[in-house]
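Please read the structure below before turning to the comments.
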Amino acid sequence: MPNSSLTFLAVESSCDETAIAIYNSEKGVLANEIYSQIPLHREYGGVVPELAARDHLRRLPLLLQQALKSGTYSLTDIDIFAYTAGPGLLGALMTGATFAKGLAFAQKKPVMAIHHMEGHLLSPLLCAKEQPEFPFLSLLVSGGHTLLVAVKAIGDYEILGQTLDDAVGESFDKTAKLMGLPYPGGPELAQLAQTGNPKKFKLSRPMTNRPGLDFSFSGLKTQTRLLIESNPNMAEVRADIAASFEQTIIDTILIKCRRAWQQTGYRDLVIAGGVSANKLLRQTLQNEVRNTNRRVFFPEQALSTDNALMIAFAASLQYPRGIDSNLEINVKARWALDNL
Ligand code: KG4
Ligand code: ZN
């Protein structure tokens, strides 16, 4: 944590949420504004990148006003600006980057480029009563990424495993779409699964019968598609298919987490990214560590999915390590977390 009190304003625009947050290193959260574009993309069944970028441009000035008003702050109170520089949709990232850099230029203040997945990774530390101890493990499960990471220190991340194809969130979304559920399918599928029997259909747990910490979810999507196509009485078994699919994903994740614990000997596991909102995932991992000395940490439910507060918080933790503030617009659609 920085010694002196610093106020960070962060902009997140990497996908379909427009967000601005203000965070003070001593006082904590000062503002956290999020505008979701879900209704805009829903009719297309997925995110339309060009529409996302245009809508970010429209919303950012309004969100800034709201963020400043909600805490009665002025731009002159901000010490450091930050924005999500990647990974994400290029056009969408550009809007947030230019907006944050414009503000920083006008206020003559530094501006920091933050990695979206580092924002997720650190989000469970934001309001936690206890803090995980370094080094710890992190499982990052979002719409675009599935990563198992060894966290040695802030900014020092070693990728232990990742998906070879679809990300967990992507797998939820694609399977939900096959089942006729609206975008984004992850939470919809999880809700449907609550009324189903997870033991009804046996799906194979991908990449668990060979060693290693990598994941693969595209085969599971295909297995589920075949199940859907071969069931003429789909209406009756929809919830059972959803529950069986969700259970298989969570079982697979649990197996990999156990392996990562064993392989590293670390005690703590931090789980973040949009899929960390999933109730079954939370319950399963919490049960797993009960009566052990291991601990598992999740972000607050509302901070699981994309927000700017995690970006402002990551900036506050990165700041003491030194920053490279410049006004060049340099965003990255792809950006490895072990290359910060
Ligand atoms: O982190 P996030 O908000 O955006 C990305 O960085 O990708 O993650 C969004 C992903 C989507 O795939 C969404 O379907 C999934 O998280 N998700 C869930 C749940 N809530 C969000 N997946 C399963 N169960 C949920 N409850
Ligand atoms: Zn995200």
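Quick notes on this structure:
- Across the alpha-carbon set of segment 257-340, the Rg to Rh ratio works out to 1.05, Rh being the Kirkwood radius.
- For segment 27-82, the Kirkwood hydrodynamic radius comes to 13.1 Å, computed from all pairs of different C-alpha atoms.
- Close amide H contacts of PHE215 (hydrogens built in the peptide plane, cut-off under 5 Å, sequence separation of 5 or more or a different chain): GLN162, THR163, LEU164.
- With Cα atoms, 0 to 90° folded angle of helix 168-178 axis to the chain main axis: 60 degrees
- Each residue, ARG321 and LYS69, gets one label point 7 Å from its Cα in the Cβ direction; the gap between the two is 3.7 nm.
- Ordering LEU62, LEU93, LEU137 from the fewest to the most neighbouring beta carbons within 10 Å gives LEU62, LEU137, LEU93.
- The distance linking segment 150-188 with segment 91-133 is 21 Å (Cα centroid to Cα centroid, whole angstrom).
- Exposure proxy order (Cβ contacts within 10 Å, fewest to most) of GLU118, GLU33, GLU26, GLU328: GLU328, GLU26, GLU33, GLU118
- Zone of ASN339's modelled label, taken as backbone nitrogen in segment 51-95 under 17 Å from a point 7 Å along Cα→Cβ: 85-90
- Spatially proximal lysines relative to LYS109 (Cα-Cα < 22 Å; intrachain offsets below 8 disregarded): LYS27, LYS69, LYS101
- Footprinting exposure proxy ranking of PHE8, PHE134, fewest other C-beta atoms within 10 angstrom first, gives PHE134, PHE8.
- In this structure, the amide hydrogen of ALA31, modeled 1.01 Å from its nitrogen in the peptide plane, lies closer than 5 angstrom to those of ILE22, counting only residues at least 5 positions away or on a different chain.
- Computed log₁₀ I(q)/I(0) - Debye formula, equal Cα scatterers, no solvent, segment 33-143, q 0.14, 0.17, 0.20 Å⁻¹: -0.74, -1.03, -1.25
- Charge dipole (segment 196-316, unit charges on Cβ, about Cα centre) - positive-most of ALA242, SER230, SER204: SER204
- Considering every alpha-carbon pair of the chain, the percent of pairs per 20 Å bin, from zero through the bin containing the longest distance, is 32, 56, 12, 0.
- Panel note: the C-alpha atoms of segment 161-233, placed on their principal axes, show extents of 37, 24, 21 Å (largest first).
- Eligible lysines near LYS279 by straight Cα distance, threshold 24 Å, same-chain separation 8 or greater: LYS129, LYS174, LYS177, LYS199, LYS200, LYS202, LYS221, LYS256
- Of all DSSP bridge pairs formed entirely within the chain, close to 60 percent run antiparallel.
Every number in this text was worked out from the coordinates using simple rules, so none of it is lab data. Keep in mind that this is a model prediction, so the values were computed, not measured. Quick reminder, even Gly has a Cβ in these numbers, built from the backbone with ideal geometry, and neighbours come from all protein chains shown.
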